[in-house]
Amino acid sequence: MTRPTAAEDEVVELTSELIQIDTSNTGDPETVIGEQEAAEYVAAKLTEVGYDVEVLESGAPRRTNVFARLAGAEPERGALLVHGHLDVVPADPSEWSVHPFSGAVQDGYVWGRGAVDMKDMVAMMIAVARRFKRDGVVPPRDIVFAFVADEEAGGKYGAQWLVKNRPDLFAGCTEAVGEVGGFSLTLGEDQRVYLIESAEKGIAWMRLRAKGRPGHGSFLHDDNAVTRVAEAVARLGNHTFPLVLTDTVRDFLAHLRELTGLEFPEDDLEGALAKLGPLARIVGATVRDTANPTMLQAGYKANVIPSTAEAVVDCRVLPGREEAFLREVDELLGPDVTREWVTNLPPVETPFEGPLVEAMAAALRTEDPTAAAIPYMLSGGTDAKHFVDLGMRCYGFAPLRLPPDLDFASLFHGIDERVPIDALMFGTRVLDRFLRTC
């Protein structure tokens, strides 16, 4: 059996220690914690082996980021950005079987908030970067390692600010790899596919507002703001948007058809997708726009009809559907409910082709000879939405070979988030090989 590399030896410890730094991002800059401490931890690990690092805040105190560049053999080639975010979504310890910020290493997993989103990948990045520096590895092209703040709230105090205010940090970067891709799906005993994220839906969080005539709760009222916004929210939340197959989703389904023999007819696509098990939730959310109501706010007393009522809706929009989606939304809302953006980030779609894609696929096959790398669309969003503004081709590639029975999708922002130790070590080997050949 081959002895683990130095990077494999330390990746579990790095993941556990990163999880123990509570970097919960509430979305409110006044209550965000931990990003500065995590950035200082990362900077110390990289400085220890000889990197020159830049540590900087991005638009607000303690919203801290770390950058390090490793020179490649061909500086005239475009550089590769390898990015990860340091923040996580909050977690309620009472709901977990272990403390979410314990970083517990038990039962073959590393447990805690961020284990898969995305302190596992951050740890792999650190481990491989440290090994390259120690061993004097010169990659084919410059590599920029970026550890950034605020991804979980859209990147206003992270990638978005950095792209707008410090584009020099990304000088020469033509391609990027980040989170939510490179993980395995087992199709059969000897067949695994690894999903590479090459597209993601747009994020359109909107606030709806209705106005009405205030008054006493005991009177008759035909001008009630709460009723008005509730009816609009119900229409929107119950609406089914049209089925649309983007190039990425068509490519994904074509690969699955070739590998499994399954058919995916458009007149029963949801039924066909159900055969994919837990993956059906991920793929099913990428064939339609969605608009899910998430927040309601109105009134201050039980017997007072308020003059305004508000709701927040989490909308996810397919590439090429932005204008049609808004027309549909406005028809559903009607003339008495207004909308405004809370966050509006565009869809992203990158062709699944070229030497970088080939390097990802080859690195996976070296560690798993059955591996088939195929593209997919993410229903959520990543910092890629900002890096594309600098002209980069962006992919999700945080490689993990997962147990066949693990419901990986449910772990993102979920209770008892955890990552298999074997998958961490596998991913470290794959990332190491990929960065040597990219």
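I'm trying to understand the selection: among the residues of the range 263-280, which are exposed (fewer than 15 other Cβ atoms within 10 Å of the Cβ) and either on the phi < 0 side of the Ramachandran plot or in a helix (DSSP H, G or I) (or both)? Answer for the range 263-280, where residues must be exposed (fewer than 15 other Cβ atoms within 10 Å of the Cβ) and either on the phi < 0 side of the Ramachandran plot or in a helix (DSSP H, G or I) (or both): Glu263, Pro265, Glu266, Asp267, Asp268, Glu270, Gly271, Ala274, Lys275, Pro278. Only a single item in (1) more than 22 Å from Val177 (Cβ to Cβ); (2) touching a residue at least 40 places away in the same chain (Cβ under 8 Å); (3) out of contact with any strand residue (DSSP E or B) (no Cβ under 6 Å at 6 or more places or on another chain) is not met by Ala38, and it is number (1). Taking the residues in the range 227-262 that are in contact with a Lys or Arg (Cβ under 9 Å, 6 or more places away or on another chain) and modelled with pLDDT under 90 as candidates, determine which candidate is farthest from Gly334 (Cα to Cα). In this case the residue turns out to be Thr260.
Within the span defined as the range 324-336, every residue fails to be crowded, with 17+ Cβ neighbours inside 10 Å and under 22 Å from Ala159 (Cα atoms).
Of the residues making up the range 199-212, just one is within 10 Å of Pro306 (Cα to Cα) and at pLDDT below 95, namely Gly212. For Glu328, the conditions (1) more than 23 Å from the chain's Cα centre (by Cα); (2) of a type outside the set (Lys, Arg); (3) part of a strand (DSSP E or B) all hold with the exception of (3). Quick one: in the range 188-216, of everything that is in contact with a strand residue (DSSP E or B) (Cβ under 6 Å, 6 or more places away or on another chain) and in a loop (DSSP other than H, G, I, E, B), which residue is farthest from Val357 (Cα to Cα)? For the range 188-216, the residue satisfying everything is Pro214. The sole residue among Leu187, Leu236, Leu253, Leu220 that is surrounded by fewer than 20 Cβ atoms within 10 Å (Cβ to Cβ) and touching a helix residue (DSSP H, G or I) at 6+ places or on another chain (Cβ under 9 Å) is Leu187. Can you run down the residue pairs with Cβ atoms below 8 Å, 6 or more apart or on separate chains, where the first is in the range 206-233 and in the same structural domain as Leu296 (by TED's automatic domain parsing) and among the hydroxyl-bearing types (Ser, Thr, Tyr) and the partner is in a loop (DSSP other than H, G, I, E, B) and buried (at least 17 other Cβ atoms within 10 Å of the Cβ)? Matching pairs, first to second residue: Thr227/Gly212. Taking the range 289-303 as the search range and keeping residues that are in a strand (DSSP E or B) and of a type in the set (A, V, I, L, M, F, W, C), which one is farthest from Arg209 (Cα to Cα)? Looking at the filtered set, the residue picked out is Ala291. Of the residues making up the range 331-364, those that are part of a loop (DSSP other than H, G, I, E, B) and closer than 30 Å to Arg228 by Cα are Gly334, Pro335, Asp336, Pro346. Just checking, does the range 169-180 include any residue being assigned by TED's automatic domain parsing to the domain that holds Phe145, in contact with a Gly (Cβ under 7 Å, 6 or more places away or on another chain) and modelled with pLDDT under 95? Taking every residue of the range 169-180 in turn, at least one turns out to be assigned by TED's automatic domain parsing to the domain that holds Phe145, in contact with a Gly (Cβ under 7 Å, 6 or more places away or on another chain) and modelled with pLDDT under 95.
The values are calculated or read from the model by the stated rules, or taken from the named source; none is laboratory data. Treat the numbers as computed from the prediction; the structure is a model and nothing was measured. Reconstructed Cβ throughout: ideal geometry from the backbone, glycine too, with neighbour counts over all protein chains shown.
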